[in-house]
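Just so it is clear, none of the values below were taken in a lab; they were calculated from the coordinates. On a predicted model such as this, the values are computed, not experimentally measured, just so you know. For neighbour counting, all protein chains shown are included, and Cβ atoms are generated from backbone atoms with ideal geometry for every residue, glycine included.
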Amino acid sequence: MVSTNNPPSVAFNLKQYLEEQKQVVETALEEAIAVVYPEKIYDAMRYSLLAGGKRLRPILCLSACNLIGGTTTMAMPSACAMEMIHTMSLIHDDLPAMDNDDYRRGKLTNHKVYGEDIAILAGDGLLAYAFEFIATQTQGVPAERVLQVIARLGRAVGAAGLVGGQVVDLECEGKPDVSVETLTFIHRHKTGALLEASVVCGAILGGASDPQLQCLSEYAQNIGLAFQIVDDILDITATQEELGKTAGKDLLAQKATYPSLWGLDESRRQAQQLIDAAKANLTSFGPAAAPLLSLADYIVSRSN
Ligand code: FPP
Ligand code: MG
């Protein structure tokens, strides 16, 4: 038996792992949506879905399934669905009625290319297709696990998750006195909910027990919040080229962010503390958790 006391991430090559995982995800996404009549909507959906990106959510989903002993094939439709939903949320977030952004992933935003009407519909199309894709494409997994995934994902994207977080974010725009509690509510919902669903759904597909799901849920919540703190830091410290989207927007929009409340140094410290907690959540999995442990480190060290 392998000792759980070994430092698991020592020999793990994250760069290679990310490259390999990203490649299988890109291939699956490329094959996920065919262009048929009316071509315009499929083109618009594919334009944003295939624009690159870190593919962090699908990779977390696959890694969590693998950790539990499931295969990549079992989790791939759900992994793709996570990216479809993430992409649709960005298409809608960039609309003039929300953040009114011109660039995303280094390219013009969806509405800049296809118009607002089609961009709204491309988001709607991706959201609906994500659920269809899980239900129709998942193979080799008991139906009750697939049902659980669909239910958890539905909750994560609706008013109890992404949508609710975005609503509070919009309400707070331009307010000078947003509290840390409100900011944390926004990010736990707007960003954290889908990251958590990615990890937990991957684990459900792999057949995780309730205690395993609990550990992975806490891990995901911790990396989710750290991810957002780092996003806020990068908005100040990184360039538009590095980010693939407009930099310095938070300051310009006088948006409440962690650096605006805590300063940069304290924000970095809090992010690292969350990553340490996330890694501690995985102790019971032993060395098999190396990919998820390294992914946690990557979240604080990333440059975009
Ligand atoms: C980016 O945040 C936006 C999100 C993480 C999610 C936004 C959610 C919605 C628009 C709701 C979508 C609807 C459904 C049904 C899921 P940001 O503006 O802080 O970051 P950015 O700088 O990358 O734009
Ligand atoms: Mg935005």
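Tabulated data
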quantity	calculated
Pairwise centroid distance, computed over Cα atoms, of segment 185-206 with segment 221-254, Å	20
Relative contact order (%) - the chain, alpha-carbon pairs under 8 angstrom, separation at least six	24
Reach of Lys249 by Cα under 27 Å, taken over lysines that are not fewer than 8 positions away in the same chain	Lys54, Lys107, Lys112, Lys175, Lys190
Debye-sum result for segment 145-304 in log10 I(q)/I(0), which assumes one identical scatterer on each alpha carbon, at q = 0.09, 0.11, 0.20 Å⁻¹	-0.31, -0.46, -1.31
Farthest positive-ward along segment 36-122 dipole, Cα basis, beta-carbon charges - from Ala81, Ala64, Met45	Ala64
Dipole moment magnitude, nearest 20 debye, the chain about Cα centre, only Lys, Arg, Asp, Glu C-beta charged	560
Residue-averaged 222 nm ellipticity for the chain, from DSSP H runs of 4+ at -39500 (n - 2.57), nearest 500	-22000 deg cm²/dmol
Point-charge dipole on Cβ atoms (K/R +1, D/E -1) for segment 35-145, about Cα centre, debye to 20	500
